[in-house]
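Notes follow the structure.
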Amino acid sequence: MPLIIATLLRGDGVTGVETHIRQLRRFLKQSGTASTLVTSFSWARPLTYPVFGLRPLVLERCSRPASLAWYLYWHEVFLRRALGRRLAETGECVVDTQDPWAARAALRARRGPHQRVVMTVHFSVSNADLWVDKKQIKRDGAVFRAIRQVEAEVIPQVDGLVYVSGWARDALVGWLPEAAVVPSAVIGNFVAPLPAGCPRQPLGDLVTVGNLEIAKNHRFLLTVLAEAKRAGRSLSLDIFGEGPCRGDLLRQARALGLEEQVRFRGFRPDVRDLLPGYQVYVHASYTESSSLAIMEAMAAGLPIVAGGIGPIPELCDDGIEARFWPLDDPAQAAGLLMGLLDSEPERLKAARAARERFHRDYDADVVGPKLRSFLVGDDSRP
């Protein structure tokens, strides 16, 4: 059965959702399942420049809530038009949507129930909470309430829900009990194994990957490095990613005297190939629905140091593949990190466990068939 993947995003960017889409399409192609990506940029592309470009040029400077409302409204409009054209040419199919606005666009564009609409839940609790964490809107403000209203109306209407973690399922159902009656499955994200022969030349001590946003909590990582430096350890940290917090983080690194220890590497499409060159993967985010970055680090055989928040304990176990550090105590976190680095047998043991956990739980060849089966059934023919 044909599968259409629908998203408000471009599909080739740096977000976790777009990484999920790329990994899914890669697996589907290898398994012989047809898939088509439809985005908000798939319809009337020349119009996307003035309509979408108005947001960063004007609205973002005047009102962040208005900017977000504009983004959601027009991206949904363009996606609905693109899906309408695609679904008019398609018979029975499944539309795998990546957010509630894409789901609503698909529900409005489909030609009947023979075109099933499934939504993958990438968010924790509600998209409104994610935008609050990004300082884009205020909690309980007008846009916050409007986002929750969309979710409350759309989610019970879809034909299926895919939760990327049990925690994401519980968080959503906790405030929207109606979601519990929708057919669903908890199927985690997955990534392909690293290519054979990835270089393993030493690149540094610590590495982290993620957009430079407030919720990713890179500031904590810098304070941990500063605490380690006070204890006599100069640890290197490579930060891969781009985002609005870059300037603030650069200033913080300078203020803490970490310019020689921290490198801001920007976005690198080949970052996963570089991961084997580090000793430990560090993660400080305080809100997640899952973490592809942690999965990719485990694929590279890196022990994980992260906060034991949300779904993280589902991904890795404290004392085995991971060490959970306190996100409110940089000094204690630095001690935990140095303890792991100072015991090479323990670090290597955690590294082996991480690689084994990846192949058991997050390898595309293990998880991909489960997701394909839920979306389109066991028949993998195009």
key: Yes/no for Leu225 being surrounded by 17 or more Cβ atoms within 10 Å (Cβ to Cβ), in the same structural domain as Glu346 (by TED's automatic domain parsing) and assigned to a helix (DSSP H, G or I)   = yes
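Every residue, every condition in (1) out of contact with any Pro (no Cβ under 9 Å at 6 or more places or on another chain); (2) of a type in the set (Lys, Arg); (3) in contact (Cβ under 8 Å) with a residue 40 or more places away in the chain; (4) more than 22 Å from Met119 (Cβ to Cβ), yes or no:
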{"residue": "Asp329", "(1), (2), (3), (4)": "yes, no, no, yes"}
{"residue": "Asp342", "(1), (2), (3), (4)": "yes, no, no, yes"}
{"residue": "Lys349", "(1), (2), (3), (4)": "no, yes, no, yes"}
{"residue": "Glu356", "(1), (2), (3), (4)": "yes, no, no, yes"}
{"residue": "Arg360", "(1), (2), (3), (4)": "yes, yes, no, yes"}
message = If I go through segment 85-118 residue by residue, how many of them are surrounded by fewer than 24 Cβ atoms within 10 Å (Cβ to Cβ), among the charged types (D, E, K, R), in contact (Cβ under 8 Å) with a residue 40 or more places away in the chain and under 21 Å from Phe374 (Cα atoms)?
response = 3
task = Only residues in segment 295-321 that are in contact (Cβ under 8 Å) with a residue 40 or more places away in the chain and outside the structural domain of Tyr163 (by TED's automatic domain parsing) count as the first member; pair them with residues that are part of a helix (DSSP H, G or I) and aromatic (Phe, Trp, Tyr), Cβ under 7 angstrom, at least 6 apart or cross-chain, and list the lot.
result = Met295/Phe358; Met298/Phe358; Ala299/Phe358; Gly310/Trp167; Pro311/Trp167; Glu314/Trp167
ask   = Among the residues of segment 346-361, is any assigned to a loop (DSSP other than H, G, I, E, B), exposed (fewer than 15 other Cβ atoms within 10 Å of the Cβ), more than 24 Å from the chain's Cα centre (by Cα) and modelled with pLDDT of 95 or more?
value = no
request  = Report, ordered by the first and then the second residue, all pairs with beta carbons closer than 6 Å, sequence separation of six or more or different chains, a first member in segment 207-225 that is among the small types (Gly, Ala, Ser), and a second member that is in a helix (DSSP H, G or I).
outcome  = Gly210/Lys216; Gly210/Ala293; Ala215/Asp133
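So for segment 282-289 (the condition being outside any loop (DSSP other than H, G, I, E, B), at pLDDT 95 or above and within 21 Å of His122 (Cβ to Cβ)), does at least one residue qualify? Spell out the reasoning first.
Of the residues in segment 282-289, the ones outside any loop (DSSP other than H, G, I, E, B) are 282.
Remaining after also requiring at pLDDT 95 or above: 282.
Pick out the ones that are also within 21 Å of His122 (Cβ to Cβ) and you get none.
No, that holds for no residue.
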Helices (runs of 4 or more DSSP H) within segment 43-144 that include 2 or more residues under 19 Å from His20 (Cβ atoms) = 64-88, 100-109, 127-133
task = Among residues belonging to segment 184-221 that are touching a strand residue (DSSP E or B) at 6+ places or on another chain (Cβ under 7 Å) and assigned to a helix (DSSP H, G or I), point out the one that is surrounded by the fewest Cβ atoms within 10 Å (Cβ to Cβ).
result = Leu221
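The values are calculated or read from the model by the stated rules, or taken from the named source; none is laboratory data. A quick note: this is a predicted structure, and the numbers were derived from the prediction, not measured. Don't worry about glycine lacking a Cβ; one is built from the backbone with ideal geometry, like all the others, and counts go over all protein chains shown.
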